[in-house]
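The values are calculated or read from the model by the stated rules, or taken from the named source; none is laboratory data. Please read these numbers as outputs of a predicted model, since none were measured by experiment. All Cβ positions, glycine included, derive from the backbone under ideal geometry; neighbour counts span all protein chains shown. All accessible areas refer to the heavy atoms of the entire protein, side chains included, with ligands and DNA or RNA removed. Shrake-Rupley method; radii C 1.70, N 1.55, O 1.52, S 1.80 Å.
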Amino acid sequence: MSSTAKEFDEKARGEFARFGTTRVHRGELLRHPVYTRFLHWSVAIFFVLSLLTGFAIYSPWLFKWIAPLFGGGPRTRALHPWFGLLFEVFFLFQFLNWFAPMAWTEADRRWMKRIRAYATNEDRIESEDVGFFNGGQKLYFWTIAVSAILFLITGLLMWFDNVVPRWVVAISLIVHDLAALVMLAGFIIHVYEGTAHQPGTFRSMMDGTVTDRWAWTHHPGWYRSLTGRDAREDYDREKNEQYRAR
Ligand code: HEM
């Protein structure tokens, strides 16, 4: 990322600290500062609004239920590209905010090979080379980045269909809808991972913190870089203490 974008991101983080604080108590670690949380929830809100209005345009059956929520068919149709644009704008800032920790590494390739063990909770704690984000989270991020570019290009071509050739509009429609289906699948998995599958994760996007235990369980590399302690040793110590306390 260029140094100008990095400087902007650092300045924005600093500015946002004035609008809210993140309290970190003993036994907790700071995961997402106010600026990151603001961007994440703005992206999420405009993504869901785009998805709902998009569904209404896509399917006549869903249209009956969703369009009235947005003031009827023509208004739903008119709002959809604006929700989409706002999603794009907030995601651009989110992209700058997370670009560095989302860089793909050799550890992520190894993580992808163990994805089945991750999904079935086979390992008690993650491998020690899992840093701030794991390979699955990075894959989701880059899928959104690619989809966002496709949405923007194809969306603009369809928005200005009076000046764009019909065959281009037709191809744009297919690409737009395919990108939406991929994003929908990713969104469902993401919400499951961020809530039910990995308890303790959701709070990181609410109050910005996670527990030490959560950090050494899911992101041992990040835990080590913050605390200087070994995740496996702390996990074993905690397990022994719990065993003795029985
Ligand atoms: C509305 C329901 C949603 C919930 C409950 C949710 C929850 C979360 C949580 C808890 C995290 C932090 C994970 C961590 O620190 O390890 C996170 C990260 C993230 N969220 Fe969401 N999110 C939602 C919607 C969305 C939407 C709509 C998008 C984008 C279209 C999105 C994109 C991301 C990305 C790219 C990350 C970082 C990578 C990852 O953790 O997968 N989220 N989300």
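Dipole magnitude for region 1-45: about 200 debye, using +1 per Lys or Arg Cβ and -1 per Asp or Glu Cβ, origin at the Cα centre.
If you sort Ile149, Ile66, Ile115 by accessible surface, 1.4 Å probe, largest first, the order is Ile149, Ile115, Ile66.
For the chain, a crude dipole built from +1 on the beta carbon of Lys and Arg and -1 on the beta carbon of Asp and Glu, taken about the Cα centre, is about 380 debye to the nearest 20.
Determine the per residue accessible area of the chain with all protein chains present and a 1.4 angstrom probe, expressed in square angstrom.
I get 61 Å² per residue for this part.
The distance between label points at Leu184 and Glu128 comes to 4.4 nm (points 7 Å beyond Cα on the Cα→Cβ vector). Surface composition of region 1-79: carbon and sulfur atoms hold 65% of the protein heavy-atom accessible area at a 1.4 Å probe.
Computed from the Cα positions only, the extents of region 121-215 along the three principal axes stand at 57, 27, 20 Å, in decreasing order. What base-10 log of the normalised intensity I(q)/I(0) is obtained for region 1-117 from the Debye formula, alpha carbons as equal point scatterers, at q = 0.13, 0.14, 0.19 Å⁻¹? At q = 0.13, 0.14, 0.19 Å⁻¹ the computed log10 ratios are -0.76, -0.83, -1.00.
Report, to the nearest whole %, how much of the accessible area of region 118-191 belongs to carbon and sulfur atoms, 1.4 Å probe, protein only.
Working: 3210 of 4390 Å².
Exposed carbon and sulfur together represent 73 percent of the surface.
Between Gly135, Gly194, Gly72, the Gaussian network model of the chain with springs among Cα atoms under 10 angstrom shows the greatest mean-square fluctuation at Gly72. Solvent exposure of Ile171, expressed as accessible area, is near 90 Å², computed with a probe of 1.4 Å over the protein chains only.
Beyond 24 Å, what percent of the Cα pairs of the chain remain? Everything past 24 Å amounts to 55 percent.
Which trypsin sites (Lys or Arg not before Pro) in region 103-177 sit in a loop by DSSP (not H, G, I, E or B) and have at most 11 other Cβ atoms within 10 Å of their own Cβ? For trypsin sites (Lys or Arg not before Pro) across region 103-177 that sit outside H, G, I, E and B with at most 11 neighbouring Cβ atoms in 10 Å, the list reads Arg124.
The 1.4 Å probe gives accessible areas that order Asp212, Asp123, Asp234, largest first, as Asp123, Asp212, Asp234.
In the elastic network of the chain, a GNM with C-alpha springs shorter than 10 Å, the most mobile of Leu96, Leu30, Leu69 is Leu69.
A simple spin-label model places the labels of Ile57 and Trp41 2.8 nm from each other, with each point 7 Å out along Cα-to-Cβ.
Kindly sort Val168, Val146, Val130 by accessible area of their heavy atoms, largest first, with the probe set to 1.4 Å.
Of Val168, Val146, Val130, the descending order of accessible area is Val146, Val168, Val130.
To the nearest 0.05, how large is the calculated FRET efficiency for Phe202 and Arg244 if R₀ is 35 Å and r is the Cβ-Cβ distance? Intermediate results must be reported in sequence, preceding the final value.
Values: r = 31 Å, r/R0 = 0.89.
After rounding to 0.05, the efficiency reads 0.65.
Placing +1 at every Lys and Arg Cβ and -1 at every Asp and Glu Cβ, with all other atoms neutral, what dipole size does region 17-82 have around its Cα centre, in debye to the nearest 20? Could you put the intermediate results ahead of the total?
Numbers: 8 positive and 1 negative charges, 35 e Å.
Taking the Cα centre of region 17-82 as origin, the dipole is about 160 debye.
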